[in-house]
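The values are calculated or read from the model by the stated rules, or taken from the named source; none is laboratory data. As the structure is a computational prediction, the values presented were derived from the model and not from experiment. FYI the Cβ positions are ideal-geometry reconstructions off the backbone, even for glycines, and counts take in every protein chain you see. With ligands, DNA and RNA removed, areas are computed over all heavy atoms of the protein, side chains included. Shrake-Rupley method; radii C 1.70, N 1.55, O 1.52, S 1.80 Å.
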Amino acid sequence: MRTLRLSDCRREASQVGDEKYRSRHVRRGERARIKVTTTLLVVILVGFVGAGSYYVWDRFSVPDYSGAGSGKVRVDVPEGSTLTDIGVVLRDTGVVKSVVAFTEAAQDNPRGQSIQAGSFTMRKEMSGAEAVKLMLDPASRIRGGVTIPEGKTANQVYATLAKATDVPVKDFEKAGRSPLALGVPESWFERQDGQKVTYSIEGFLFPDTYEFPPDSSAQAILKEMVKHFLAQDKKIGFSKQVRSELQISPYEALIVASLAQAEAGNKDDLGKVARVAYNRIYSGDFPCNCLEFDVGINYYYQLTGKPTKPSKKMTREELRDPKNPYRLHGKAGLTPTPINNPGAEALKGASDPPKGSWLFFVAIDKQGHSAFATTDAEHERNKDKAHEAGII
């Protein structure tokens, strides 16, 4: 029989207590691990549910009307508008319920990116998809735009615009006196040829077909045309090409483009006529660096209200009149301003003309094609062709 001493009892009690302590702490650690694991699972599940519900909201909760709408409303989309810009216009006029409803529908439609500026007859409270479909339908576009042909002077453009918009010519004339206020950057009037800078809207009224919103002012209309010119300059790369390749100012090249637009009888010759102009002015191979084009004379006559006349009826005194700042005979260099508003082909021809040493050209057929020459002898032979064709 074992006799238990008090010390043994205390030791056994102590061992039992240690085991209970360890057991209790192991259970607490397990519970803690279980709690952490459970919390992580909850967070992960909440994350999945949250992402799913966000996707569901993003995909299906965009405010949108249903159906094709009703009634009629005119919508005017400015030139250069993005899909988002168009969506804002449609939302603000009550056509669609939200910008996103329209932009998502446009992105889903294979032709949605081709929606262009202009005026449209739309309906109130249309779904985004129906609005896109209607804007792509030619029947919804409001016609009656005004077309400005290439090579028209500012005064001729004013007359065309006045007839199409019922805005008086004098309003266009007044607005046109301030090209900087119409959006032409002042840097456009920098010249490197030593001639005096003359601020003019001539050359910046880009030829195209326009659809102006109703009740547009003369200033708003001309601003839109200048904006279009600047966009075309960027698209064609006109200024950049002129500075890097020709190393002259864009304004000088714009003047050359207008001269080529007036002189060339065929778009195929625009670049060659521009090359002749550059060769005569900048190469040093032509007497006095004079252009000797006749077209500047008639431009000045139009500005001053005098009747224009064919080149063959112009006298020597008229061609060399010192009072005419647009004369190009007996005067070195370019005209003070462009003499018309050249189109895209003329701008391309003036910014990237073909290589050639031509100094002369003359029209040789009734389709307006010209023959180009480097020497006087070649030019005389070409003139004989023109005589035989009854051109001169």
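Within the stretch 282-299, the set of residues being part of a helix (DSSP H, G or I), over 31 Å from the mean Cα position of the chain (by Cα) and either surrounded by 18 or more Cβ atoms within 10 Å (Cβ to Cβ) or touching a residue at least 60 places away in the same chain (Cβ under 8 Å) (or both) comprises I297, N298. Checked against (1) in contact with a helix residue (DSSP H, G or I) (Cβ under 8 Å, 6 or more places away or on another chain); (2) in a helix (DSSP H, G or I); (3) modelled with pLDDT under 95, Q219 passes all but condition (3). Can you confirm whether G80 is in contact with a helix residue (DSSP H, G or I) (Cβ under 7 Å, 6 or more places away or on another chain), part of a helix (DSSP H, G or I) and not hydrophobic (A, V, I, L, M, F, W, C)? Answer is no for this residue. Tell me whether the stretch 323-330 contains one or more residues that are of a type outside the set (D, E), part of a strand (DSSP E or B), touching a Cys at 6+ places or on another chain (Cβ under 9 Å) and on the phi > 0 side of the Ramachandran plot. Among the residues of the stretch 323-330, not one is of a type outside the set (D, E), part of a strand (DSSP E or B), touching a Cys at 6+ places or on another chain (Cβ under 9 Å) and on the phi > 0 side of the Ramachandran plot, which makes the answer no.
Being open to solvent by 70 Å² or more (accessible area, probe 1.4 Å), at pLDDT below 95 and either closer than 24 Å to W358 by Cα or in contact with a helix residue (DSSP H, G or I) (Cβ under 7 Å, 6 or more places away or on another chain) (or both) is not true of K323. Only one entry of E378, E318 meets the criterion of being at pLDDT 95 or above and either part of a helix (DSSP H, G or I) or aliphatic (A, V, I, L, M) (or both), and that entry is E378.
Only one of the listed residues (S66, S53) is open to solvent by 40 Å² or more (accessible area, probe 1.4 Å), polar (S, T, N, Q) and modelled with pLDDT under 80. That residue is S53.
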